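Only one structure is covered here, and it is reproduced in the block below.
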Amino acid sequence: MKTKIESIFHQKFEGQPLIVRSPGRINIIGEHVDYNGGCVLPAAIDKYIYVAIDKRNDGVVGLYSVNFDVKIEVELNGLKPSNDFSTYVFGVIDQVIKRGYLISGFNIVIYGDIPVGAGLSSSAALESAVAFAINEVFQLGISKLELVSIAQSAESTFAGVNCGVMDMFASIYGQKDFAIKLDCDSLQFEYMPLVLDGYSLVLFNSNVKHSLASSAYNVRRRQCETGINRIKQFFPDVKTYKDVTESQLIEHVLPFDREIFTRCLFVVKEIQRLNEACHFLAKGNLLALGQHLYATHEGLSKEYEVSCFELDFLIEEVKRNPNVLGARMMGGGFGGCTINIIRNEGIASLIDNVKINYLNATGLHLEVIKVETVNGTEIVA
């Protein structure tokens, strides 16, 4: 891949580029708890955004996307948001400059093999790769944590997406054979072993994204805020859902609003499931971890109500197969991927059956993505 990217760079620009790659991510468990004060459990995966970068002596950024076959040149002082991939690049540059770091113009080539729209955070990987590459080529001395902040701020200010920190953190801090238990508020984290001896992580991309995803997300956030504010009236020491118990919800939220109670109950139980899942990983208990994935999907589908027919169908399909330890929908909901832990020797036959049944049930073709955990953003030697 390094040779390919270098060759393309030499076709489009002059110079000898530095090659950087940044991975996409999955989230093992801990869904919709990041904005509720809980922890998440992401891992970097072997799908990447690659960038080749080299300085130039003027104040111009030359940008070429291999995937879109688009070449752009823009002055450093003329960066503006757009409706394409360049927004994520320019947003990072804008953040670097606003934080007082001195850079000149540069040329950059971008290539990615992260499936777009599958919920694997291709935009965060792009932002992380660009931030890391700029830091390296201009020797700015920016810490990993500030690179995460730059990438997140780029997405919120230029792309206009009020995203959390998980995606960028996983891209930059990832480690092979580990997931990251990350508190999205304090940014405290620890690595949890993710050793899948005899098993693999396989994603089933439903290839749907229902239009109510963003509006439903906003409603869920408001419901959870209402629920915890209700609890704080009676328990002033409560700060986040990590401090909330089921009995408190039953006593003070259920009589107030049953639907809000159900949403809040999912959050409290998911926080507990994540903590237990980390214990199982530490013990190498994949069977118990898998059962928690099934429980999370049940909660996302029935309590938080962010699943859809296609995702529920994919979970029911694999539940009956003894080669599958666990599965759940992954991401915001109403489409995207399911994540599955599957015994290696059973993967091929399972995929064949699920593809046929999914096509018959939905009229859609299933995309299968087998992933492995990898290190975070790094220079390609």
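Look at the alpha carbon pairs under 8 Å that are at least 6 residues apart: their mean separation over the length of the stretch 1-95 gives a relative contact order of 21 percent. Taking the chain as a Gaussian network, Cα atoms linked when under 10 Å apart, which of Ile231, Ile271, Ile93 shows the biggest mean-square fluctuation? In the Gaussian network model the winner is Ile231.
Seen against the Cα atoms of the chain and their longest principal axis, helix 2-12 is set at about 50 degrees. Once the Cα-Cα distance is subtracted from the 0.36 nm per residue extended length, the Asp69 to Asp46 segment shows a gain of 5.9 nm.
Less than 5 angstrom separates the built amide H of Gly105 from those of Arg56, Asp58, Gly59, Val60, all sequence-distant by 5 or more or on a different chain. Spin-label pair Lys302-Phe234: with each label point 7 Å from Cα along the Cα-Cβ axis, the two points sit 2.5 nm from one another.
Taking the C-alpha atoms only, the angle from helix 86-98 to the longest principal axis of the chain is near 80 degrees.
Helix 347-362 and the longest principal axis of the Cα set of the chain meet at an angle near 80°. Annotation: extensible slack from Asn57 through Ser214 equals 52.2 nm (criterion: 0.36 nm per residue apart, minus Cα-Cα distance). Each of Gln188 and Phe256 was given a label point 7 Å from its Cα along the Cα-to-Cβ line. The distance between the two points is 2.7 nm.
Relative to the current alpha-carbon distance between Asn285 and Lys98, full extension at 0.36 nm per residue lengthens the span by 62.7 nm.
Rounded to whole numbers, the Karplus 3J(HN,Hα) couplings from phi for the stretch 284-298 are x, 8, 6, 4, 5, 4, x, 5, 5, 5, 4, 5, 4, 5, 4 Hz, using 6.51 cos²θ - 1.76 cosθ + 1.60 with θ = phi - 60°, and x at Gly and Pro. The phi-based Karplus calculation (6.51 cos²θ - 1.76 cosθ + 1.60; θ = phi - 60°) puts the 3J(HN,Hα) values of the stretch 43-50 at 9, 6, 10, 7, 10, 10, 9, 9 Hz, whole numbers, x for Gly and Pro.
Note on Lys55: aspartates and glutamates with a C-alpha under 13 Å away, same-chain residues under 8 apart excluded, are Glu14, Glu136.
Computed over the alpha carbons of the stretch 199-371, Rg followed by Dmax gives 17.8, 54 Å.
Report summary: the helix-based calculation at 222 nm, which adds -39500 (n - 2.57) for every DSSP H run with n ≥ 4 and divides by the residues of the chain, gives -14000 deg cm²/dmol. Across the stretch 112-119, rounded Karplus estimates of 3J(HN,Hα) from the backbone phi angles (6.51 cos²θ - 1.76 cosθ + 1.60, θ = phi - 60°) give x, 10, 7, x, 6, x, 8, x Hz, Gly and Pro being marked x.
Largest first, the extents of the alpha carbon coordinates of the chain on the three principal axes equal 65, 53, 39 Å.
Near Tyr50: Cβ cut-off under 10 Å, other residues only, Lys/Arg at +1 and Asp/Glu at -1. The net charge is +2.
If you wrap the stretch 92-196 in the convex hull of its Cα atoms and look at it from every side, the mean projected area works out to 7.7 nm².
Tell me, Ile228, Ile26 in order of fewest to most beta-carbon neighbours within 10 Å?
Ranked by crowding around the Cβ, least crowded first: Ile228, Ile26.
Computed on the chain, with alpha-carbon pairs under 8 angstrom and 6+ residues apart, the relative contact order is 23 percent. Candidate cross-link partners of Lys232 among the lysines, defined by an alpha-carbon separation under 21 Å and a same-chain spacing of 8 or more, comprise Lys242, Lys269. What do you get for chymotrypsin sites (Phe, Trp or Tyr not before Pro) in the stretch 209-259 restricted to DSSP loop and a cutoff of at most 16 other Cβ within 10 Å of the site's Cβ? The qualifying sites are Phe256. Take the Cα of Lys4, step 7 Å toward its Cβ, do the same at Ser82, and the gap between the two points is 2.4 nm.
Laboratory data are not the source of any read-out in this text; all were calculated from the coordinates shown. This one's a predicted model, so the numbers in the text were calculated from it and none came from an experiment. Every residue, glycine as well, gets a Cβ built from its backbone with ideal geometry; the counts of neighbours run over all protein chains shown.
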